1. In segment 209-227, which residue that is of a type in the set (D, E, K, R) and modelled with pLDDT of 90 or more is nearest to Gln176 (Cα to Cα)?
2. Here are some conditions: (1) hydroxyl-bearing (Ser, Thr, Tyr); (2) in a strand (DSSP E or B); (3) farther than 19 Å from Asn115 by Cβ. Tyr173 meets all but one. Which one does it not meet?
3. Hey, can you tell me all the residues within segment 152-185 that are closer than 18 Å to Glu223 by Cα and of a type in the set (S, T, N, Q)?
4. Residue by residue through segment 98-148, note down the ones that are more than 13 Å from Ile183 (Cβ to Cβ), small (Gly, Ala, Ser) and not in a loop (DSSP other than H, G, I, E, B).
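The values are calculated or read from the model by the stated rules, or taken from the named source; none is laboratory data. Note that this is a predicted model, so its numbers are computed, not measured. Using ideal geometry, Cβ is built from the backbone for each residue, glycine included, and neighbour counts are taken over all protein chains shown.
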Amino acid sequence: MDKMWILLLLVAAGVIVILGLVFLIRRMLIRHYEKTTTKFQNKLLANQVEEVNHVYMTMRGWRHDYHNHMQSLKAYLAMDHIEEAREYLNSLENDLNDINLLFDTGNVGVDAILNSKVSLAIHDGIKVDYSAEVPVETTVSNIDLCVLLGNLLDNAVEACGKTEKENQFIRLYIGQLKNQLYISISNATNDKVRKFDEEYISKKRGNHGHGLKRINLIVEKYEGYINRKNEAGVFVTEVLLPL
């Protein structure tokens, strides 16, 4: 009888040790994933801040130089140097290509990320159709919303970069659907994949794969809805988030 109890105690101790190891390994894996995710998110945000700073520093430079530009143009016109004035204006127009202010939704964070990402896409020669209306306040934090939109647009631009130049396009729509924030992004793609499960996401290495995971995590965090679909040459992502 004593041997039986000893055996049972050993078995119980063994089970406890195994469960403890499983729990410890699980915690280590979760911490590793969180650390990796946080590192990627910080890198993404740093890149986005750099892009936004580039746009607005260029704007500040333009504001500072506005008076000088006007004086130069007046001098050309006063001397009837029409061609030189035209060339000067053309050079200024080219300088402005990087700072298109396309969005004014009222949500400052969203405006910053959309203006920077879409302006850069247009500058790269991608045809972009867009419409965006975002409430000033949402249940989604500004950081999460900017990370979500940044990843969606980065993935769209990356997919376009793998297609022929004349076929590149992005269609962006953001609006309110009842009590939901509706986001739809369509882009050109050469991707033939039809199945969008974890296996599909895991096969996307590098920033694209991380971006897909970040999008999913944010949608899950707010108990939203995401739908991805592939049509002939078109990749579509739809997201619904509660307001």
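1. The qualifying residue nearest to Gln176 (Cα to Cα) is Glu223.
2. (3)
3. Gln176, Asn179, Gln180, Ser184
4. Correct list: Gly109, Ala112, Ser116, Ser119, Ala121.
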